[in-house]
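Here's the structure we're looking at; comments come further down.
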Amino acid sequence: MQLNVKNYKLKLIQPSQLVNGKIRKFEKSFVPSRTLPYIAALTPSDFSVSIIDETLEDINFDEPVDLVGITSLITQLPRALQIAEEYKKRGTKVILGGPAPSYLIEEVLPHVDSVVVGESENIWWKVLDDFKKGELEKIYFPNGTPSLEKLPTPCFNLLPLDKYLKPGFLFKTSKWPRIPIETARGCFHDCDFCCVSNYFGKKMRFRPIAEVVEEIQKFKGAFIVFTDDNIAAQPERAKELFKALISLKIHWFGQFSSLAAMDEELVTLAGKSGCIFAFLGIESISKESLLSVRKNFNRIENYSKIFKIYSDAGIQPNPSMIFGFDGDTKELMDETIDFLTKEKIPLMVQWILTPVPGTKLFERFLEEGRILHKDYSKYDGTNVVFKPKNMEPNELEEKFWEVFQKFYRISNIAYRLFYRLNKLTIFLLKRNLFFQNMVNRRIHPYSGGLE
């Protein structure tokens, strides 16, 4: 006898960002998010799951659906709440999760039926079970710290994969766009401007290396983007991971702490394993600025050596800089760009210091009365949302774009790239010209996609 089991329709939504009140749309997105495909993989089979990436697709609010799940970063939160309200008007239950709502529970609760706080592995099954029973709770807190063993493979097939950019010609070896892979969570550092250690914990958790390799092999030929906040957090484990990757013959991008380069064997293995770009949280060339946010483990006197170690391993160093620290001046911003140019850095990204809810910086600026507003759609690292110490907000914003454009001037690009010609030079030139085009239009190169 066949049992009549109800199949529920669950729609998972990655909201867009509101830019001047309008929904940001992309023709193509750079990298698919891992979050919702992973939630879909955690969902039991009595739910039929669909995923909407609103930057690429419109939401049909009138499509019949039993339950809506929305994830949100801070910049997406205003739009996430708009979406939630639209579904609530139609009587549809709405669950909201992700970093932003986890730190702004009281602000978001009036707009949704439930808020899932923190990581979802140990609680998602209960949320869905409570929904089926008609007993959704207002707030779901994590039930312990999830293990990273035996994680399901994200359902990337639920995304419109043809709308994500393929890697450049040097790295395009398959049908896949760039694929995000997670190998660890947490960060033992506790920088004031970052919420990673608060959200995932200061104690590192690692996936078994064999399971990471197995997941990568499911996306044969894909360019891999490792989502770890510091893929070399535990050096010996990182070396074992890189050794395991060598035989896969992949290309990949990852984030490294400045401390990783102190172990040259580790960086060499990263290069041999296919690492092309190393995103380096350098942040500042000012000791005072680094100390003010508790990132003084970055040693300015080692920066030149760090860049050389990565370059010698065949890895392009990709420093990330932040402007707006209390010690920062316009002169320091110019000096930063001059330093990176002198070092012949192939690619650089920069951000305006942003006090994101969930960080010590947000709490400090709130206490000091320096938060200008709480329009979270502008908390994206390109808008000044606080009162700087040494400049007016508009001065910091103007100087930010001025020095960003300075780094990507044609003369600057030529000086940085053409001193040494290799197989990556043409690729890096195209990448620099793309960054130049974006920055000249005051669009951040890491905005998420092509408009």
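Pairs linking a residue in the range 416-444 that is surrounded by 14 or more Cβ atoms within 10 Å (Cβ to Cβ) to a residue that is at pLDDT 95 or above and in a loop (DSSP other than H, G, I, E, B), with Cβ atoms under 6 Å and 6 or more positions apart or on different chains, are Arg416/Lys344; Leu428/Pro346; Phe435/Tyr408; Phe435/Pro445; Gln436/Tyr408; Met438/Pro445; Val439/Tyr408; His444/Thr382. Sub-6 Å Cβ pairs linking a first residue in the range 40-69 that is assigned by TED's automatic domain parsing to the domain that holds Glu27 and under 26 Å from Glu121 (Cβ atoms) to a second residue that is surrounded by fewer than 20 Cβ atoms within 10 Å (Cβ to Cβ) and among the basic types (Lys, Arg), at least 6 apart or interchain, are Ser48/Lys9; Val65/Lys9; Asp66/Lys9; Leu67/Lys93, ordered by first then second residue.
Val225 - would you say it is part of a helix (DSSP H, G or I), modelled with pLDDT of 95 or more and within 14 Å of Ile179 (Cβ to Cβ)?
Values: part of a helix (DSSP H, G or I): no; modelled with pLDDT of 95 or more: yes; within 14 Å of Ile179 (Cβ to Cβ): yes.
Considered against the rule, which asks whether it is part of a helix (DSSP H, G or I), modelled with pLDDT of 95 or more and within 14 Å of Ile179 (Cβ to Cβ), Val225 comes out as no.
Somewhere in the range 220-229, is a residue without any contact (Cβ under 8 Å) to a residue 24 or more places away in the chain and not hydrophobic (A, V, I, L, M, F, W, C)? Within the range 220-229, not a single residue is without any contact (Cβ under 8 Å) to a residue 24 or more places away in the chain and not hydrophobic (A, V, I, L, M, F, W, C). The residue list Leu396, Leu428 contains one member that is assigned to a helix (DSSP H, G or I) and modelled with pLDDT under 95, which is Leu428. Looking only at the range 37-66, filter to residues that are part of a loop (DSSP other than H, G, I, E, B) and of a type in the set (Asp, Glu); which one of those is farthest from Lys163 (Cα to Cα)? If we take residues in the range 37-66 being part of a loop (DSSP other than H, G, I, E, B) and of a type in the set (Asp, Glu), then Asp46 is farthest from Lys163 (Cα to Cα). Within the range 375-385, is there a residue that is surrounded by fewer than 19 Cβ atoms within 10 Å (Cβ to Cβ), at positive phi and of a type in the set (Gly, Ala, Ser)? No.
Does Glu57 meet the test of being surrounded by fewer than 16 Cβ atoms within 10 Å (Cβ to Cβ) and farther than 26 Å from Asn198 by Cα?
Spelling it out, it is not the case that Glu57 is surrounded by fewer than 16 Cβ atoms within 10 Å (Cβ to Cβ) and farther than 26 Å from Asn198 by Cα.
Is it true that some residue in the range 359-376 is part of a loop (DSSP other than H, G, I, E, B), among the acidic types (Asp, Glu) and farther than 15 Å from Met333 by Cα? Give the steps one after another, and end with the answer.
If we filter the range 359-376 for residues that are part of a loop (DSSP other than H, G, I, E, B), which is where we start, we get 359, 368-370, 372-375.
Still in the list and also among the acidic types (Asp, Glu): 368, 375.
Narrowing the set further to residues that are farther than 15 Å from Met333 by Cα leaves 368, 375.
For the range 359-376, residues part of a loop (DSSP other than H, G, I, E, B), among the acidic types (Asp, Glu) and farther than 15 Å from Met333 by Cα: present.
Residues in the range 67-87 that are in a loop (DSSP other than H, G, I, E, B) and farther than 20 Å from Leu128 by Cβ: Leu73 only.
Here's the yes/no breakdown for (1) farther than 26 Å from Gly358 by Cβ; (2) under 17 Å from the mean Cα position of the chain (by Cα):
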| residue | (1), (2) |
| --- | --- |
| Arg24 | no, no |
| Tyr38 | no, yes |
| Ile59 | yes, no |
| Asp62 | yes, no |
| Gly69 | no, no |
| Val94 | no, no |
| Ala100 | no, yes |
| Glu106 | no, no |
| Val112 | no, no |
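Cβ separations smaller than 6 Å between residues 6+ apart or across chains give the following pairs from the range 351-362 residues that are in the same structural domain as Ser377 (by TED's automatic domain parsing) to residues that are among the charged types (D, E, K, R): Lys360/Asp192; Leu361/Asp192.
Could you tell me whether any residue of the range 75-96 is touching a residue at least 12 places away in the same chain (Cβ under 8 Å), surrounded by fewer than 20 Cβ atoms within 10 Å (Cβ to Cβ) and of a type in the set (Val, Ile, Thr)? So far as the range 75-96 goes, yes, one or more of its residues are touching a residue at least 12 places away in the same chain (Cβ under 8 Å), surrounded by fewer than 20 Cβ atoms within 10 Å (Cβ to Cβ) and of a type in the set (Val, Ile, Thr).
Only one of these is closer than 18 Å to Pro37 by Cβ and hydroxyl-bearing (Ser, Thr, Tyr): Tyr140, Tyr164. Name it.
Details: Tyr140 fails: closer than 18 Å to Pro37 by Cβ.
It is Tyr164.
Filtering Val116, Val94, Val127 for residues that are at pLDDT 95 or above, outside the structural domain of Ile209 (by TED's automatic domain parsing), in contact with a Lys or Arg (Cβ under 7 Å, 6 or more places away or on another chain) and within 20 Å of Ile52 (Cβ to Cβ) leaves a single hit, Val94.
Annotation: of all residues in the range 99-156 being touching a Phe, Trp or Tyr at 6+ places or on another chain (Cβ under 6 Å) and assigned to a loop (DSSP other than H, G, I, E, B), the one that is surrounded by the most Cβ atoms within 10 Å (Cβ to Cβ) is Pro154.
Looking only at the range 325-335, count how many residues are of a type in the set (D, E, K, R), surrounded by 17 or more Cβ atoms within 10 Å (Cβ to Cβ) and assigned to a helix (DSSP H, G or I).
Pass one, the range 325-335, residues of a type in the set (D, E, K, R): 326, 328, 330-331, 334-335.
This time we only want the ones that are surrounded by 17 or more Cβ atoms within 10 Å (Cβ to Cβ), so: 328.
Narrowing the set further to residues that are assigned to a helix (DSSP H, G or I) leaves none.
Matching residues across the range 325-335 total 0.
Scanning the range 329-345 for any residue that is touching a residue at least 12 places away in the same chain (Cβ under 8 Å), farther than 19 Å from Ala238 by Cα and among the aromatic types (Phe, Trp, Tyr) turns up at least one such residue.
The values are calculated or read from the model by the stated rules, or taken from the named source; none is laboratory data. Keep in mind the model is a prediction, meaning the values are calculated, not measured. FYI the Cβ positions are ideal-geometry reconstructions off the backbone, even for glycines, and counts take in every protein chain you see.
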